[in-house]
Amino acid sequence: MKNIRFVVWFMAFVLLFAVLVGSFVYAVDPLQLYRKASYSPLFTKQQRYQNPGLAKNYAYDTIILGSSMTENFVPSEVGARLGGQVMKLSMEGSTAKEQRMIADVAVGTGQVKKVLWGIDYFSFRDNAVRDEANFPFYLYDDKIWNDYKYLLNVSDVKHALGALFLPKSQMPQLRNLDLLNNWDVSTSYGPTQVFAKWQEAKLSEQLTADYEPALEVVKQNFEDNTMSFIEAHPDIEFIIYYPPYSVLRQQMWYSLNPDRFENQLEMKKYMYERFSAFANVRVYDFQSDSTLTYDLDEYKDLSHHSAAINRRIIEEIAAGTHQVTAANVELNNKLLQEQVQSLVINEDGPVYSVVVNVNGQEITFDELPPADDDQVRVPLKDFALAAGIEFNYNAADKTASLTRGEREVKVAVGADTATVNGTETPIEAPTKIYNGRLTGPLLQIIHLLQGDVEVDQSEQESYIVTYNITLE
């Protein structure tokens with residue numbers, strides 16, 4: 001009998017405690033799931049938990065969707081440029097399904113008129129949410145019965161206590177909705193950080209191609225989560241843009257995961273075809289803009305850029321530039337591919353692309369090695385064959401010969417001299433084997449073959465160097 005009485009009292013105590021805790025969380029409502037806070041709120045960086053309350057209980061007519069590439073937008077700045085009252089609902093590393101879920105919550109309020117949507121290819125690689133076992137699905141629905149997961153959550157109790165009792169001067173960024181999840185001011189940018197991540201990626205991404213989903217899977221995930229949402233809301237204006245990753249990010253995919261690189265290009269064509277059928281959708285592509293993607297001073301790693309680039313994006317959208325059309329969708333992809341193929345990577349110097357035109361015909365290379373003493377090196381066999389120059393290589397003594405007309409240039413691997421019709425002449429950068437290919441100094445080889453070179457840097461600032469070569 002005593003045991004039964006103890007169990008009854010214990011259960012009553014547990015129930016009373018749960019009611020008190022739940023009532024406290026409900027009254028404070030730290031995630032603002034039920035109402036906008038009447039006190040100075042303390043937001044949380046846990047976007048998957050915070051965003052539903054923001055979407056349900058704040059006033060806005062424009063929302064920002066996307067991954068961490070969109071986090072450095074400042075809503076008030078976006079509103080000033082594009083018009084409207086803006087709510088940022090970005091989610092770090094979010095899949096298209098997660099973005100669709102928060103978009104449904106926002107549109108369910110009946111106040112959304114415009115969507116700025118940063119679309120990353122990776123968001124379509126899986127039709128799921130991150131960490132599905134712990135994802136707070138209960139915050140995204142209107143079911144009252146499962147709210148106990150919110151009301152009796154220890155983290156929410158701590159959050160409620162912090163919102164009430166922490167001094168207002170503490171954690172100011174978590175009290176400023178305009179700067180919530182904006183990491184610009186706390187981040188270091190520059191080539192040092194970018195190249196450190198580049199070196200890591202060269203090792204960590206060696207096997208990523210083995211897990212790349214088929215293009216048809218990616219398309220279906222896009223249809224299920226993004227396209228179906230747009231089709232369901234013809235009264236909403238959609239501004240879609242492709243974020244500008246650094247050119248080194250694209251180069252890494254091109255070299256280590258070519259399927260992903262190609263799928264990305266194919267998806268941009270496919271998505272434009274689907275988007276172009278709707279008058280309420282505009283698409284912008286920033287991924288081949290070398291003034292953005294080659295400027296490593298504005299990147300913290302291979303992908304993530306500063307708020308200055310976010311501002312550029314909004315300014316360009318407001319001005320109507322970078323808009324994708326039927327006339328340029330293929331050209332944008334072609335330009336990005338050429339930039340990556342012709343990229344010269346110098347870890348202690350600039351990163352730029354080299355475009356080689358021989359007698360008006362552009363030559364493309366699969367990969368270019370780092371420059372030596374400002375001497376751009378190219379795969380000699382590829383260059384010779386494309387330029388109509390006879391090429392022979394003697395593997396025994398590692399010597400190559402390039403012949404044009406009556407002029408023969410011989411170069412040996414590692415030698416600081418070449419022979420022109422049997423006469424030795426110094427070269428500034430010796431030939432080297434790079435990734436199994438014989439490479440040599442482009443400009444000096446051309447001069448030794450009595451060609452003329454014109455350097456054009458006018459169109460793409462200093463990020464793309466064009467060599468116009470004339471061989472008589």
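The values are calculated or read from the model by the stated rules, or taken from the named source; none is laboratory data. Computed from a predicted structure; not experimentally measured. Note that each Cβ is placed from the backbone with ideal geometry, even for glycine, and that neighbours are counted across all protein chains shown. Ligands, DNA and RNA are stripped out before the accessible areas are found, and what is left, the full protein with its side chains, is counted by its heavy atoms. Shrake-Rupley method; radii C 1.70, N 1.55, O 1.52, S 1.80 Å.
Sorting check: for 78-86, 386-394, 282-290, which peptide has the highest mean count of neighbouring beta carbons within 10 Å, and how do the rest follow? List each step's numbers first, then the result.
Values: 78-86: 17.9, 386-394: 14.9, 282-290: 21.1.
Going from most to least packed, we get 282-290, 78-86, 386-394.
Can you give the angle from 0 to 90° between the axis of helix 154-165 and the longest principal axis of the chain, with both taken from C-alpha atoms, to the nearest 10?
80
Taking segment 378-446 as the region of interest, what is the percent of Cα-Cα pairs per 10 angstrom bin, listed from the shortest bin to the one with the maximum distance?
21, 62, 16, 0
Can you tell me the length gained on complete extension of the stretch Thr425 to Asn346, counting 0.36 nm per residue apart and subtracting the Cα distance? Write out the running numbers ahead of the final one.
Numbers: separation 79, 0.36 × 79 = 28.44 nm, distance 2.71 nm.
The Thr425-Asn346 span can extend by a further 25.7 nm.
State to the nearest 20 debye the size of the charge dipole of segment 194-284 about its Cα centre, where the only charges are +1 on K and R beta carbons and -1 on D and E beta carbons. Spell out each step's value before the answer.
Values: 9 positive and 14 negative charges, 85 e Å.
Dipole of segment 194-284, to the nearest 20 debye: 400 debye.
Provide the descending list of Cα extents for segment 209-297 along its principal axes, expressed in whole angstroms.
Taking max minus min along each principal axis of the Cα atoms, segment 209-297 gives 40, 32, 17 Å.
Report, by chain and number, residues whose modeled amide H sits under 5 Å from the one on Ile427, excluding near sequence neighbours (fewer than 5 apart, same chain).
Thr417, Ala418
Here are several values of P(r) over Cα pairs in 20 Å bins from 0, in percent: (1) 21, 44, 24, 10, 2, 0; (2) 26, 60, 13, 0; (3) 25, 55, 18, 1. Which one was derived from the coordinates shown?
Only one option fits the structure, namely (1).
For a quick check of understanding: with a 1.4 angstrom probe and all protein chains in place, what accessible area in square angstrom does Phe10 have, to the nearest ten?
110
Which value, in Å² rounded to 10, gives the accessible area of Glu347 with a 1.4 Å probe and all protein chains present?
Accessible area, nearest 10 Å²: 100 Å².
Can you tell me the convex hull volume per residue for segment 319-397, based on C-alpha atoms, in Å³ to the nearest whole number?
Details: hull volume 12.0 nm³, N = 79.
Considering the Cα atoms of segment 319-397, their hull volume per residue is 151 Å³.
Of Ala96, Leu33, Leu331, which is farthest on the positive side of the dipole of the chain, counting Cα position, with +1 on Lys and Arg Cβ, -1 on Asp and Glu Cβ, and the Cα centre as origin?
Of the options given, the answer is Leu33.
Quick query: amide H of Ser353 versus all other amide H atoms, modeled in the peptide plane; which residues come in under 5 Å with a sequence gap of 5 or more or a different chain?
The answer is Val344, Ile464, Val465.
For segment 293-365, just say rounded, prolate or oblate: build the C-alpha gyration tensor, square-root its eigenvalues into a ≥ b ≥ c, call rounded for a/c under 1.5, and beyond that prolate if a/b exceeds b/c, oblate if not. Kindly include the intermediate steps, with their values, before the conclusion.
On the way: a/c = 2.76, a/b = 1.18, b/c = 2.34.
Note, shape of segment 293-365 comes out oblate.
Let's see if you can work this out: charge +1 on each Lys and Arg Cβ, -1 on each Asp and Glu Cβ, no other charges. What is the dipole magnitude of segment 240-397 about its Cα centre, in debye to the nearest 20? Mind showing how you got there, number by number?
Details: 12 positive and 25 negative charges, 170 e Å.
The calculation lands at about 820 debye.
Tell me the angle of helix 258-275 to the major Cα principal axis of the chain, expressed in degrees between 0 and 90 and rounded to the nearest ten.
60
Expressed as an acute angle from 0 to 90° and rounded to the nearest 10, what is the orientation of the C-alpha long axis of helix 191-204 relative to the principal long axis of the chain?
The two axes meet at around 90 degrees.
Calculate, in nm to one decimal, what Glu454 and Ala326 gain on full extension: separation in residues at 0.36 nm each, minus their alpha carbon distance. Spell out each step's value before the answer.
Details: separation 128, 0.36 × 128 = 46.08 nm, distance 3.31 nm.
Contour length minus Cα-Cα distance gives 42.8 nm.
Mind ranking 47-56, 319-328, 430-439 by how tightly packed they are, going by the mean number of other C-beta atoms within 10 angstrom, highest first?
Working: 47-56: 23.3, 319-328: 13.2, 430-439: 16.7.
Final packing ranking: 47-56, 430-439, 319-328.
What is the spin-label model distance, in nm, from Asp131 to Phe10 if the labels are put 7 Å beyond Cα along the C-beta direction?
3.2
Tell me, rounded to the nearest percent, the portion of alpha carbon pairs in segment 44-123 spaced more than 15 Å apart.
Details: 1587 of 3160 pairs.
When all Cα pairs of segment 44-123 are counted, 50 percent exceed 15 Å.
Leaving ligands, DNA and RNA out of it, report the carbon-plus-sulfur percent of the accessible area of the chain at a 1.4 Å probe. Provide the component values of the computation, followed by the final result.
Values: 11630 of 22150 Å².
C and S atoms contribute 52 percent here.
Pull out a ≥ b ≥ c, the square roots of the eigenvalues of the alpha-carbon gyration tensor of segment 135-216, then state rounded if a/c is under 1.5, prolate if not and a/b is larger than b/c, and oblate in the remaining case. Don't skip to the answer; put the middle values down first.
Details: a/c = 3.21, a/b = 1.42, b/c = 2.26.
Cα axes put segment 135-216 in the oblate bin.
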